[in-house]
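Beneath this line is the structure, given in structure tokens, with notes to follow.
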Amino acid sequence: MQIAKALTTAKVPNPSAYKNAHGLTTRHFDSDPYHWNANTVVHILERREYTGCTVNFKTYTNSTWDKKQRDNPEENWAVFENAHPEIISPEVFEKVQEIRKQRHRRTRTGKSSMFSGLVYCEDCGAKMRYCTTKDFEKRQDHFVCGSYRSNTGNCTARFIRAVVLEQLVLNNLQVVISYVTAHENYFRQVMTEKMSLKSAEIVKSAKRKLAQKEKRLAELDRLFIKIYEDNVSAKLSDERFAMMSEQYEDEQAQLRKDISELQTKIAEQERQTENLELFIKRARKYEGLTELTPYALRELVKAIYVENPDKSSGKRKQKIRIQYDLIGFIPINELLQAEKQRETA
Ligand SMILES: [Zn+2]
């Protein structure tokens, strides 16, 4: 809605006006060429084709008699990557889908926080809600544990001020970014171990195994045709045929299961390795970060967990734990500790 409003204000021609101007037919007619609907924007944001792929079977019809188009669930779509040049990078596209999944509620005051949807209570795991009023000064805006506020949970008053949160997140990011950029190789090594990433050698051997199993599966298909023909031409008794075909089917079922497991494992390994490299690239991109922007936040952070404040020193000390985008938690304190030891050694 906010994007639609901004486009309307900026007098950007909407899609039907654009089509009209270029002599293309359009189903919709809008008397105001600059009026943007929120739905139009949603449509554009969710259109995977912009990443350069072709998406087929988004709708289906029941039969030739019933031609009504029905929406096909996403898992039934056929996606062909790199079918045409991309205008949106897949990375940005996925990020947008992720943001849209989190219900980003704007408060009645019109104020919103870039942290909305990202903050969780460490105690009970509930999302923390952004609270603000018109009369609040910025420093009074805060997040409060959802289950505390609804009175359904029994969470103690978990609460953090938005300015405190921002400062803590920025500090954390600065420490991580400067560590990653200064000790990239060591960081990669530690995270590889932590994410239990397999070496390229192990992935290669899994791929070899996969190829063998796929070969055997194709072989079984041929063997099956062979015994079938032998059975038809009476070279193989019905009894023997039944026994052998049952054996083949069992082996095939096992092979299919093994193949799918191997494929999943390989894909996951490759994706995780890719994710780690992508995270390092992003950390480099934000080297010297001094101010948190919503996009930097989304590119680096997946979730923020707020711990109970420690008041033992008489002062309210609050800690957060950041789950980073792509790679999860980073054992930054241990990394820094190890660094200190290496320096003194
Ligand atoms: Zn809680």
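Bear in mind that the values in this text are calculations on the coordinates, not laboratory data. Remember, it's a predicted structure, so these values are computed and weren't measured experimentally. Backbone-built Cβ (ideal geometry, glycine too); neighbour counts: all protein chains shown.
Details
- Remark: the Lys134-Glu274 segment gains 46.0 nm on full extension, using 0.36 nm per residue and subtracting the alpha carbon distance.
- Angle between the chain longest axis and helix 332-344 axis [Cα atoms, degrees, rounded to 10]: 80
- With at most 11 other Cβ atoms within 10 Å, longest stretch of the chain clear of loop chymotrypsin sites (Phe, Trp or Tyr not before Pro) (DSSP): 66-345
- Ala253 versus Asn20: modelled label distance in nm, points set 7 Å from Cα along the beta carbon direction: 6.3
- Anisotropy class of the chain from Cα gyration tensor, a/c 1.5 cut: oblate
- Available extension along the chain between Thr192 and Asn37 is 51.2 nm, counting 0.36 nm per residue and deducting the alpha carbon span.
- Our estimate of slack between Val203 and Gln97, defined as 0.36 nm per intervening residue step minus the Cα-Cα distance, is 35.2 nm.
- Working from label points 7 Å from Cα in the Cα-to-Cβ sense, the Arg70 to Cys124 distance is 4.1 nm.
- In nm, spacing of pseudo-spin labels at Val163 and Thr8 (7 Å Cα→C-beta vector): 3.5
- Principal-axis tilt of helix 162-182 within the chain, Cα atoms, nearest 10 degrees: 60
- With respect to the chain, whose longest principal axis is taken over its alpha-carbon atoms, helix 200-232 is tilted by about 30°.
- Per residue, the chain reaches -16500 deg cm²/dmol at 222 nm when only DSSP H runs of four or more residues are counted, each adding -39500 (n - 2.57).
- Placed amide H near Tyr324: partners under 5 Å, 5+ positions off or other chain: Lys302, Phe329, Ile330
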